[in-house]
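Let me begin by presenting the structure, written as C-alpha cells, before commenting on it.
The values are calculated or read from the model by the stated rules, or taken from the named source; none is laboratory data. Computed from a predicted structure; not experimentally measured. Here Cβ is always computed from backbone atoms with ideal geometry, including for glycine, and neighbour counts include all displayed protein chains. Surface areas here come from the heavy atoms of the whole protein model, side chains and all, with no ligands, DNA or RNA. Shrake-Rupley method; radii C 1.70, N 1.55, O 1.52, S 1.80 Å.
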Amino acid sequence: MTTRLAALSIVLLAFSSAQAQNLLLDPSFDLSTPDSQTNPQWTLDVNIPDGTGAAAQFQNAPWASNPAGTEGTGLWLKAFEGNQADGGDPPANATLYQDVTAPAGDYELSFFFRKETNYQAESTFVELLEGDSRIGVVDLTSVDTAGAFEQFSLSGSTLGGALRVQAKMVNGLDAMANPQSAMFDDFSLTVVPEPASSLLFVLGVLVLTARRRR
C-alpha cells in the first residue's frame, strides 16, 4: 500500500511540475545576437530616433543581465536615444513580444526589471494580451528599483488560444544625465494550477507522510 501511495505522490508531483512549466521560449534571451534586435523566439520592434542608435537592443553584459553583475543577456531600453539634437529627434520607442498558444485557464506572467536613476519615458509596461484584449498589465512607469533588478508579476485568464507577452517603452527621452537606461530579463509564463489539482497533490503528500510514520 505504501508503495502505491509513493507512486501516486510521484505522479501528482510530476503533474504539478508540468503545470508550472514556462511556456515562453528563450525566456532569458540567451539565443539573441549580441548588440542587435535579433532573437529566434522574440520580436523586438524599435525606432532609430537619430538615424544611428536604436531605441532598444539585446545586450550581452553583466549590467544588463539578472541579477546585475552576472554574465548573460538582457533587453536594454535606451530611452536616451530619444529627443536628442536639442529636441529635434523623435522620442525612442520599443516593443518586445512573443506569441504562444495556450489552453483555457489562469496564467501568471513574471519578469525582472531594472531601472536606472535618470531613465525617462512617457510609459513603460508589460502586458498579457489575448487577441486585441489586455488581460493583465504591470505599469512600470513610476517604479523605482534603485538600480537593481526586481521581480514583478501579473495574472490573467484566457478562454484559450493565442496569448501575447509584450513589453513596451513609449516615448523614451534623453534625460541629459547618466545613468538613464532600463533592462528586462528572465520572463516566465506559467499555468496557475487548478485548486482541485493542488489539493489532490497536497493530500497525496500528507497521506504518504502519515503512512511512513507508522
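Residue under question is VAL126, and the condition is that it be out of contact with any Ser or Thr (no Cβ under 9 Å at 6 or more places or on another chain), part of a strand (DSSP E or B), at negative phi and hydrophobic (A, V, I, L, M, F, W, C); does it hold?
yes
From VAL46, VAL137, grab the single residue that is at pLDDT 95 or above, β-branched (Val, Ile, Thr) and either within 14 Å of PHE184 (Cβ to Cβ) or open to solvent by less than 50 Å² (accessible area, probe 1.4 Å) (or both).
Of the residues listed, the single one that is at pLDDT 95 or above, β-branched (Val, Ile, Thr) and either within 14 Å of PHE184 (Cβ to Cβ) or open to solvent by less than 50 Å² (accessible area, probe 1.4 Å) (or both) is VAL46.
Go through the stretch 71-93 and count every residue that is among the hydrophobic types (A, V, I, L, M, F, W, C) and touching a helix residue (DSSP H, G or I) at 6+ places or on another chain (Cβ under 9 Å).
1
Looking only at the stretch 122-134, which residues are open to solvent by 20 Å² or more (accessible area, probe 1.4 Å) and either in contact (Cβ under 8 Å) with a residue 60 or more places away in the chain or under 18 Å from the mean Cα position of the chain (by Cα) (or both)?
Hits for the stretch 122-134 are SER123, PHE125, LEU129, GLU130, ARG134.
From the set of residues in the stretch 28-37 that are out of contact with any Leu (no Cβ under 8 Å at 6 or more places or on another chain) and assigned to a loop (DSSP other than H, G, I, E, B), which is surrounded by the most Cβ atoms within 10 Å (Cβ to Cβ)?
So, considering only residues that are out of contact with any Leu (no Cβ under 8 Å at 6 or more places or on another chain) and assigned to a loop (DSSP other than H, G, I, E, B), the one surrounded by the most Cβ atoms within 10 Å (Cβ to Cβ) is SER32.
If you go through the stretch 81-95 one residue at a time, do you hit one that is open to solvent by less than 20 Å² (accessible area, probe 1.4 Å), assigned to a loop (DSSP other than H, G, I, E, B), in contact (Cβ under 8 Å) with a residue 24 or more places away in the chain and out of contact with any Gly (no Cβ under 6 Å at 6 or more places or on another chain)?
no
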